[in-house]
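Since every read-out is calculated from the coordinates, none of them should be taken as a lab result. All values derive from a computational prediction rather than experimental measurement. Here the Cβ is made from the backbone with ideal geometry for all residues, glycine too, and neighbour counts use every protein chain on show.
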Amino acid sequence: MRQDATQGGSLIIFATFLIGLILSQIPLPDFLIWYRPEWVALVLIYWVLMVPHRVGLVSAFFMGLLLDIIRGSVLGLNALSLTIIAYLVLLLYKRLRMFPLWQQSMMVMVLVGINQLLFFWMQGITGTTAGGLQFLIPSVISGFFWPWIYVVLHGVRKTFRIE
């Protein structure tokens, strides 16, 4: 029975990542493009924070590859940046769990900002980047959305007893 619960939890975790991928691809008007939260990064941060023994670097790498394929970006850019973010969360997850939700939001904003900076830097190396600092706006928006993401995914985790 324990193995069935583990597999069911894995399917739920994958489903939340799938929802994050879908939300990251919803078309927005041109003036709202830079205000889209980094849904996949938010879901990844939550699961690495709460169940680090089940979601880690390998999950981050494959979600990043899937995001690269879906977005049509250079293969490996999102994979590397999400893997680094997962590594940072794995280093800090015991501390981050102790923070109140507003401090977690600030840390999520910093982590997504690091993700955005890494992605922007790697795009610059490959020659596919755009100028300006507007690429950091999604980190602020993601920090703003963190409390809601936390509450929703925490409810999912408790409902399906994912441990």
Practice item. Subtracting the Cα-Cα distance from 0.36 nm times the residue separation, let me have the gained length for residue 15 to residue 121 in nm, one decimal. Key: 35.1 nm
Exercise for review: Give me the distance between the Cα centres of segment 100-163 and segment 18-43, rounded to whole Å.
Suggested key: 11
Point to revise | 3J(HN,Hα) from dihedral phi, segment 66-81, Karplus parametrisation 6.51/-1.76/1.60, rounded to Hz, x for glycine, proline | key: 5, 5, 4, 5, 5, 7, x, 8, 4, 4, x, 5, 5, 4, 5, 5
Practice item. Report the relative contact order of segment 2-159, percent, no decimals, based on alpha-carbon pairs under 8 angstrom and at least 6 residues apart. Key: 25
Revision key, fill the gap. Output for segment 86-163: trypsin sites (Lys or Arg not before Pro) sitting in coil per DSSP, at most 13 other Cβ within 10 Å, listed by number, reads 161
Point to revise | Theoretical gain in end-to-end length, residue 141 to residue 71 [0.36 nm per residue, Cα-Cα removed] | key: 23.2 nm
Check your understanding: Pulled fully out, how much extra length does the chain show between residue 159 and residue 31, if you take 0.36 nm times their separation in residues and subtract their Cα-Cα distance?
Key -> 42.3 nm
**Study point:** Sorted largest first, extent of the chain alpha carbons per principal axis (Å)
**Key:** 52, 32, 31
